[in-house]
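Worksheet for the structure shown next.
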Amino acid sequence: MTELSELRLRAVLPAPPEAVHAALTDAAALRVWLAEHAEVALPDRYEFWGRYTPDGAEPHQRVLHAGERTLRLAWTLGGVETTVELTLTENAGGTLLTLTQSDVPSFAEILTDKAGPRGELQTFWSLSIANLADYLSGRELTPKCDYTSPRLSASVVIDAAPEAVFDSLTQPEQFHKWFGANVDIEPYVGGRFAMGGFDLDPGGAKFVEFEPGHKATLLFADGETDSWELDGSDGKTRLTFMHSGFDVDNPPYPGWAGWLGGIAALRRYHELPRWRTIWREVEAPGMPAGMLSLDA
């Protein structure tokens, strides 16, 4: 039997509730930080769709409630109606955004590649909320996940030297700090990389390339690879990352959007002088205990 439950994300955004509400309900703003297409005419219409939205060939949202601090939608994905709720509360220095969504497949089901577009929701929203935070700060956004493309690659410029960015990607203490995940890393060719740690994933992925400050490539047991290439100029780093080796008819969008959301956090970690993670809670059905560890 398919296991269904609720996704719950809580993040602190750098703006008062009124500004966050405007960014959530203005179609032009949504077309910047959330979706390729968006149309809003509350209390009757709230729709977003396009290549950056799971199951986004056309809009599938229906307004259930629209208030000054709460927005509730019915959103049908893959033929299943889910309920999304976004709630805003004042928080010191900003706004606490709480997002919940019903009928989300379990972590184990997502790993089987049989969860369909509902399996893409956790990382879709994590990346979207990270981009909302940067939108509200006037910062450049992280590339979105294109759910129509068989090519998974992106490039960002980070205001830090390549050596510092490389260490953040390959030293477990630093990786844990900005990504919010427990991770074990052996930083050398042949070394293992395990999200959640070696207790959870003893084999891990293996580094098949490792050039400090320049390049690293991870090979996973299923033959897929993650590659990071870093080029420095004027004290900044162009980080190009690519996921390859997968079935192009079934790209691993959940994991790819997860990496993009991580890159958003990496950029903030290096570029904000008083950095602090935006995340206060990440709960997903069936997520292994100990995989995430948020330092709120």
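What number goes with the only condition from (1) among the aromatic types (Phe, Trp, Tyr); (2) under 19 Å from Phe175 (Cα atoms); (3) in the same structural domain as Pro187 (by TED's automatic domain parsing); (4) part of a loop (DSSP other than H, G, I, E, B) that Trp275 does not pass?
For Trp275, the failing item is (3).
Could you pull out the residue among Asp184, Asp226 that is touching a helix residue (DSSP H, G or I) at 6+ places or on another chain (Cβ under 8 Å), of a type outside the set (A, V, I, L, M, F, W, C) and free of Cβ contacts under 8 Å to residues at least 24 places away in the same chain?
Every option except Asp184 fails the conditions.
Specify the residue that is modelled with the lowest pLDDT; the eligible residues are those in region 266-296 that are of a type in the set (Lys, Arg) and more than 15 Å from the chain's Cα centre (by Cα).
Arg274
Just the residues that are small (Gly, Ala, Ser) and part of a strand (DSSP E or B), please, taken from region 41-54.
Across region 41-54, the qualifying residue is only Ala41.
Per-residue answers, yes or no, for (1) of a type outside the set (Ser, Thr, Tyr); (2) under 24 Å from Lys114 (Cβ atoms):
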residue: Ala23; (1), (2): yes, no
residue: Asp26; (1), (2): yes, no
residue: Ala29; (1), (2): yes, no
residue: Gly50; (1), (2): yes, no
residue: Val63; (1), (2): yes, no
residue: Thr76; (1), (2): no, yes
residue: Glu81; (1), (2): yes, yes
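Have a look at Asp231, Asp159 and point out the one that is within 25 Å of Trp279 (Cβ to Cβ) and acidic (Asp, Glu).
Sole residue among the options that is within 25 Å of Trp279 (Cβ to Cβ) and acidic (Asp, Glu): Asp159.
Keeping to region 138-181, report how many residues are among the acidic types (Asp, Glu) and more than 18 Å from the chain's Cα centre (by Cα).
4
Condition first: of a type in the set (Ser, Thr, Tyr) and under 19 Å from Asp146 (Cα atoms). Can you find one or more residues in region 252-270 that meet it?
Within region 252-270, the first condition is being of a type in the set (Ser, Thr, Tyr), and the residues that meet it are 253, 269.
Next, from what is left, pick out any that are under 19 Å from Asp146 (Cα atoms): 253.
Within region 252-270 (the criterion being of a type in the set (Ser, Thr, Tyr) and under 19 Å from Asp146 (Cα atoms)), the answer is yes, since at least one residue qualifies.
May I ask you to say which residue of Glu90, Glu109, Glu85 is under 20 Å from the mean Cα position of the chain (by Cα) and at pLDDT 95 or above?
Only one candidate passes the filter, namely Glu85.
List the number of the failed condition for His270; all other conditions in (1) closer than 24 Å to Ala15 by Cα; (2) part of a loop (DSSP other than H, G, I, E, B) hold.
His270 satisfies all of (1) closer than 24 Å to Ala15 by Cα; (2) part of a loop (DSSP other than H, G, I, E, B) except (2).
Applying the selection to region 77-97, what residues are surrounded by fewer than 14 Cβ atoms within 10 Å (Cβ to Cβ) and part of a strand (DSSP E or B)?
Glu81, Thr89, Glu90
Of these, Ala38, Ala57, Ala74, which one is without any contact (Cβ under 8 Å) to a residue 12 or more places away in the chain and part of a strand (DSSP E or B)?
From the options Ala38, Ala57, Ala74, the qualifying one is Ala38.
What tally of residues in region 228-270 results from selecting those that are in contact with a strand residue (DSSP E or B) (Cβ under 7 Å, 6 or more places away or on another chain) and charged (D, E, K, R)?
Total satisfying the criteria: 5.
Given the structure, is Leu64 in contact with a Ser or Thr (Cβ under 8 Å, 6 or more places away or on another chain), under 23 Å from Ile278 (Cβ atoms) and part of a strand (DSSP E or B)?
Working: in contact with a Ser or Thr (Cβ under 8 Å, 6 or more places away or on another chain): yes; under 23 Å from Ile278 (Cβ atoms): no; part of a strand (DSSP E or B): yes.
Here the answer is no, as Leu64 does not meet what is asked.
So, in region 10-24, exactly how many residues are crowded, with 18+ Cβ neighbours inside 10 Å and either over 21 Å from Leu272 (Cβ atoms) or assigned by TED's automatic domain parsing to the domain that holds Gly180 (or both)?
Selection size over region 10-24: 3.
What are the residues in region 1-35 that are assigned to a strand (DSSP E or B) and either among the polar types (S, T, N, Q) or without any contact (Cβ under 8 Å) to a residue 60 or more places away in the chain (or both), if any?
Taking region 1-35 and keeping what is assigned to a strand (DSSP E or B), we get 4-13.
Of everything in region 1-35, just one residue is assigned to a strand (DSSP E or B) and either among the polar types (S, T, N, Q) or without any contact (Cβ under 8 Å) to a residue 60 or more places away in the chain (or both), namely Ser5.
The values are calculated or read from the model by the stated rules, or taken from the named source; none is laboratory data. These figures come from a predicted structure and were not determined experimentally. All Cβ positions, glycine included, derive from the backbone under ideal geometry; neighbour counts span all protein chains shown.
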